[in-house]
Amino acid sequence: MIAFDHPQWLWTAVLALLPLLWHGQRTLAHGWLPGVPHDPASRVLAAALRTLGALAVLAAALALASPHRQGEDIERIGTGAHIVITLDRSASMSDGFAGRGAQEGDEAKGRAAARLLEDFVRERPRDLFGLVSFSTAPVHGLELTADHDAVTAAIRASAAPGVGLTNIAAGLTMSLEQFKDKPVTGSRVVLLVSDGAAQIDARKQNQIRRLFAENRSALYWIFLRTAGGRGPSDPPDPEKGFDPAPEYFLNEYFRDLGVPYRLYEADTPDALARAIADVARLQNQPLRYRETPPRQELGGLFMGVSFLCSLLLLVARSLEVPAWSR
Amino acid sequence: MTLSALAYALRWRSRAVTPGAHRGTLAGPGHDFERSVPLGDQGDARRLDLRASLRDPSERVWIRLFRQQAQVPVVVVVDVSRSMDYRGATHRHTLAVELAEAIAHSAWRVGDPFALIACDSAVRRELALPPCRSAAGARAAIARLRAHVPDGDDNSALLRVAPQLPRRRSLVFLLTDAHMPDERMSKVLASLAHHDVVTVVLGDSREQRASARWGIARLRDMESGAERLLLQRPALARAFEEARNERRERLRRIAMRYGRPPLFIDDRIDPMQFNRYFLQT
């Protein structure tokens, strides 16, 4: 549909009637027109010249009103996912995994995660990656980018031993902020890699819920279990007295978010690798989305039409003969 | 050859009493032999028909009877509608005036009375000249006509010219550009059928032809004011030529129904053509 920035100029379109009323051509006297042979080509030309005149004025009037077209939303199918890796950098990430046979000298969780994530990034060249690491406070690592060298470098850098606590709410908020004002050209994923959880207060819960809904992002939580620690799937045991079991309640909260959500509990580097492979498989599904095309300026087009008509009229003008039959 | 060399010869007999230059119906001095009669109470003994007298077994004297030459009124009916003001290869009105002048001169030379009637959508009385043999009268009327600028919207008054003409059969020159519908042309000629009408069609080679060069021209009808845009090109030039020939053929057929073909005069008066016309028709 065509819209106008300055519709008041459309009134000048009335002037397009003038060429229909006045031809503005030189007239040559002739004794008796009924004796002039009928010539269909001439009649077509006469009508065409008048139409050209009207069209020139009309197109100019439309061009003055600066027309533009706001296109229909177009449905597209995207394949590249937007993945924000949200990496826990709390002190515990330097510890080993909780799996059986864990011993001294095993790879630290943070390091293993970084290594596997690097592979993950390398295998998905069409995706955009962002990186947010968090401990007590979130650190903005990388904006969503297609520069995979930068992404791997950022992941490698976050493998350094971390400090502080696990403030998941702040990390998630910052991760979701990354999607803000970006076109949805692929599925969005927040890949949360952490080894612990924390309580999220009600206000933050609402904020995160809202951000997830706004940005239509999926959430994958890869939980790296610490030796002797509890997992999100272990319900609190009332017989043990006070047990906050933050992992369990966080998992329950995530399930309740209303967005695609999966939890992967990884006890060993192999389990982590499997979890990451699973995420990769899930995110290979194409995504249908609607895109609003940018507005299309039509002023130049109308100006061109007007110019072309005027040019043709000029040619016709130059063809006018000064005297009949000479 | 000048315009004063225009001459018109007629094939019919004038019933006029007044002696003139054309064949008449009345007996009298002349050289138009009618018959021979025995010399009696009529005739002139000087016109002895020797051969008939000798051949007569009863030996009467025969004399020849002749018809006297009679005059024929010449009336020029000139169309002064606005289309006569057309200026193409020549100014059509001027051409008409020149022709009228030449005819007036010829009429005066042979002693025929000359009358002029001009009309557009009305019969223009101020330009009219009743039949007269005065050279001065004719000159004055021609001068008035020359000074007149054609401004009539059409030539419909040609239909009302007949009552203005002499009652006797006259030679009528109808000077017009024939820019009127065929029916009107036909009606005009029918209304003048009593007379010997020479339809002089004053054509203009530029008006009735189109240039073969490409161009755009918007023509305006001088009388109705109607306009028509034309794409000038070889095909249009051919169409013009065709239309012109067809129109002339139609005019010829109409005029022939009333006795004479039209005399087409284009751009200039050719006395040879004029005189040949009278010898051929």
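The values are calculated or read from the model by the stated rules, or taken from the named source; none is laboratory data. Note that the structure is predicted; figures quoted are calculated from it, not measured. All Cβ positions, glycine included, derive from the backbone under ideal geometry; neighbour counts span all protein chains shown.
Scanning region A:159-184 for residues that are at pLDDT 80 or above and hydroxyl-bearing (Ser, Thr, Tyr) gives A:Thr173, A:Ser175. Mind listing just one residue for me: the one in region A:1-59 that is surrounded by fewer than 16 Cβ atoms within 10 Å (Cβ to Cβ) and among the aromatic types (Phe, Trp, Tyr) and, of those, nearest to the other protein chains (Cβ to nearest Cβ)? Here the residue is A:Trp22. Return a yes/no flag: does region B:40-62 have any residue that is within 26 Å of B:Pro271 (Cβ to Cβ) and aromatic (Phe, Trp, Tyr). No.
Going through A:Pro260, A:Pro183 one at a time, which residue ends up being under 30 Å from A:Thr292 (Cα atoms), surrounded by fewer than 20 Cβ atoms within 10 Å (Cβ to Cβ), touching a strand residue (DSSP E or B) at 6+ places or on another chain (Cβ under 6 Å) and touching a residue at least 24 places away in the same chain (Cβ under 8 Å)?
Every option except A:Pro260 fails the conditions.
Within region B:110-125, the residues that satisfy the criterion of being within 14 Å of B:Asp79 (Cα to Cα) and out of contact with any Pro (no Cβ under 8 Å at 6 or more places or on another chain) are B:Leu116, B:Ile117, B:Ala118, B:Cys119, B:Ser121, B:Ala122, B:Val123, B:Arg124, B:Arg125. If you go through region B:225-242 one residue at a time, how many are within 7 Å of chain A (Cβ to nearest Cβ), under 23 Å from B:Arg87 (Cβ atoms) and free of Cβ contacts under 8 Å to residues at least 24 places away in the same chain? Of the residues in region B:225-242, 6 are within 7 Å of chain A (Cβ to nearest Cβ), under 23 Å from B:Arg87 (Cβ atoms) and free of Cβ contacts under 8 Å to residues at least 24 places away in the same chain. Residue count for region B:244-278, restricted to those that are in a helix (DSSP H, G or I) and in contact with a Gly (Cβ under 7 Å, 6 or more places away or on another chain): 1.
Among the residues making up region B:103-137, those that are within 27 Å of B:His179 (Cα to Cα) and of a type in the set (Gly, Ala, Ser) are B:Ala104, B:Ala115, B:Ala118, B:Ser121, B:Ala122, B:Ala128.
To keep it simple, each residue is scored yes or no on (1) in a loop (DSSP other than H, G, I, E, B); (2) modelled with pLDDT of 90 or more; (3) within 30 Å of A:Asp195 (Cα to Cα).
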{"position": "A:Leu52", "(1), (2), (3)": "no, yes, no"}
{"position": "A:Ile85", "(1), (2), (3)": "no, no, yes"}
{"position": "A:Ala102", "(1), (2), (3)": "yes, no, yes"}
{"position": "A:Asp106", "(1), (2), (3)": "yes, no, yes"}
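Scanning region A:68-85 for residues that are surrounded by fewer than 21 Cβ atoms within 10 Å (Cβ to Cβ) and either within 10 Å of chain B (Cβ to nearest Cβ) or touching a strand residue (DSSP E or B) at 6+ places or on another chain (Cβ under 9 Å) (or both) gives A:His68, A:Arg69, A:Gln70, A:Gly71, A:Asp73, A:Ile74, A:Glu75, A:Arg76, A:Ile77, A:Gly78, A:Thr79, A:Gly80. Considering only residues of region B:213-224 that are buried (at least 16 other Cβ atoms within 10 Å of the Cβ) and under 22 Å from B:Asp266 (Cβ atoms), which is farthest from the other protein chains (Cβ to nearest Cβ)? Checked region B:213-224; the qualifying residue farthest from the other protein chains (Cβ to nearest Cβ) is B:Glu223. The single condition from (1) free of Cβ contacts under 8 Å to residues at least 40 places away in the same chain; (2) assigned to a loop (DSSP other than H, G, I, E, B) that B:Ser36 fails is (2). In region B:252-281, the residues that are under 18 Å from B:Leu202 (Cβ atoms) reach residues that are outside any loop (DSSP other than H, G, I, E, B) and of a type in the set (Asp, Glu) with C-beta atoms within less than 7 angstrom, at least six apart or across chains, in these pairs: B:Ile254/B:Asp182; B:Ile269/B:Glu98. Out of B:Ala70, B:Ala27, report the one residue that is more than 30 Å from B:Ala104 (Cβ to Cβ) and not β-branched (Val, Ile, Thr). Checking each option against the conditions leaves just B:Ala27. For region A:289-326, filtered to residues that are of a type in the set (Ser, Thr, Tyr) and within 30 Å of A:Ala81 (Cβ to Cβ), the residue that is farthest from the other protein chains (Cβ to nearest Cβ) is A:Tyr289. Of all residue pairs spaced 6 or more apart or on separate chains, those with beta-carbon atoms under 8 Å, a first member in region A:153-176 that is in a helix (DSSP H, G or I) and a second member that is surrounded by 15 or more Cβ atoms within 10 Å (Cβ to Cβ) and at pLDDT below 80 are A:Ile168/A:Ala197; A:Ile168/A:Ala198; A:Ala169/A:Ala198.
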